[in-house]
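Here's the structure we're looking at; comments come further down.
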Amino acid sequence: MSAPLVVGVTGASGALLAIEVLALLKELAVETHLVVSRGARLSVSHELGVDGVERIEALATHVHQPGDLAAPIASGSFRTSGMIVVPCSMRSLAAIAYGLADNLLTRAADVALKEKRRLVLAPREAPLHEGHLESMLKLARMGAVIAPPVPPFYTRAARVEAMAHEIAVRLVEWAGIDTGEHMTRWSGGEK
């Protein structure tokens, strides 16, 4: 059995992506430790309805509060396979880039970096200014995977949910977890 995966959800738009990632990890029987930031509680409720946070939390194996810096995932001695932050706000991305471990989500990401574990960030912002790009470059140089949720149009997904699933599969793959047949792979244009 593989080590657990930490999933962080921030206040950026894209709560559907968090649902898809957690649902896939649950189907793949991957133990998850979830942190939903305070800002995410607002955006998730707006995007998914008043029960949105509960729906996200129900998909996780363990749920931690963002202020709980004594949670196991705050320490490098707690073994994980890494972390996915989806969606990732620019505030959280910058805090991670500059080591501002001021809440459990940013601390868990800091732990992933310092322990040389996979850290996949799905930043949701457009357009990007120089400060955003500098933070992303800094994180990429530290070994993080910067994975904006860009849809793979070649899959010809007809619904938003199907496109979100395709993006989620890629995020999970980049975290080092084999998704098997969930991944729609490029076939050289053959149809």
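Averaged per residue, segment 1-88 has 41 square angstrom of accessible surface, using a 1.4 angstrom probe with ligands and nucleic acids left out.
What percentage of the solvent-accessible surface of the chain, computed with a 1.4 Å probe over protein heavy atoms, is contributed by carbon and sulfur atoms? For the chain, the apolar C and S fraction of the accessible surface comes to 54 percent. Of the trypsin sites (Lys or Arg not before Pro) in segment 9-62, which ones lie in a loop per DSSP and count no more than 13 other C-beta atoms within 10 Å? Taking segment 9-62 and a limit of 13 other Cβ atoms within 10 Å, no loop trypsin sites (Lys or Arg not before Pro) are found. One decimal place: the segment SER75-LYS114 gains 13.0 nm when fully extended, by the rule 0.36 nm per residue minus the C-alpha distance.
Among residues other than TYR98 with Cβ under 14 Å from its Cβ, the summed charge is +2 (Lys and Arg +1, Asp and Glu -1). Overall dimensions of segment 1-103, expressed as equivalent-ellipsoid semi-axes from the Cα gyration tensor (√(5λ), whole Å, largest first), are 20, 18, 11. Note that segment 17-23 has calculated 3J(HN,Hα) couplings of 5, 5, 4, 5, 4, 5, 5 Hz, one per residue in order, obtained from phi through the Karplus relation 6.51 cos²θ - 1.76 cosθ + 1.60 (θ = phi - 60°); glycine and proline are x. Whole angstrom only: what separates the Cα centroid of segment 123-165 from the Cα centroid of segment 1-50? So the two Cα centres are separated by 16 Å.
Length, then width, then depth: along the principal axes, the Cα atoms of the chain run 51, 37, 35 Å. Each stretch of four or more DSSP H residues adds -39500 (n - 2.57); spread over every residue of the chain, this sum gives -12000 deg cm²/dmol at 222 nm.
The values are calculated or read from the model by the stated rules, or taken from the named source; none is laboratory data. Computed from a predicted model, the values in this text were never measured in an experiment. Here the Cβ is made from the backbone with ideal geometry for all residues, glycine too, and neighbour counts use every protein chain on show. Quick note on the areas: whole protein, heavy atoms, side chains included, nothing else; ligands and nucleic acids left out. Shrake-Rupley method; radii C 1.70, N 1.55, O 1.52, S 1.80 Å.
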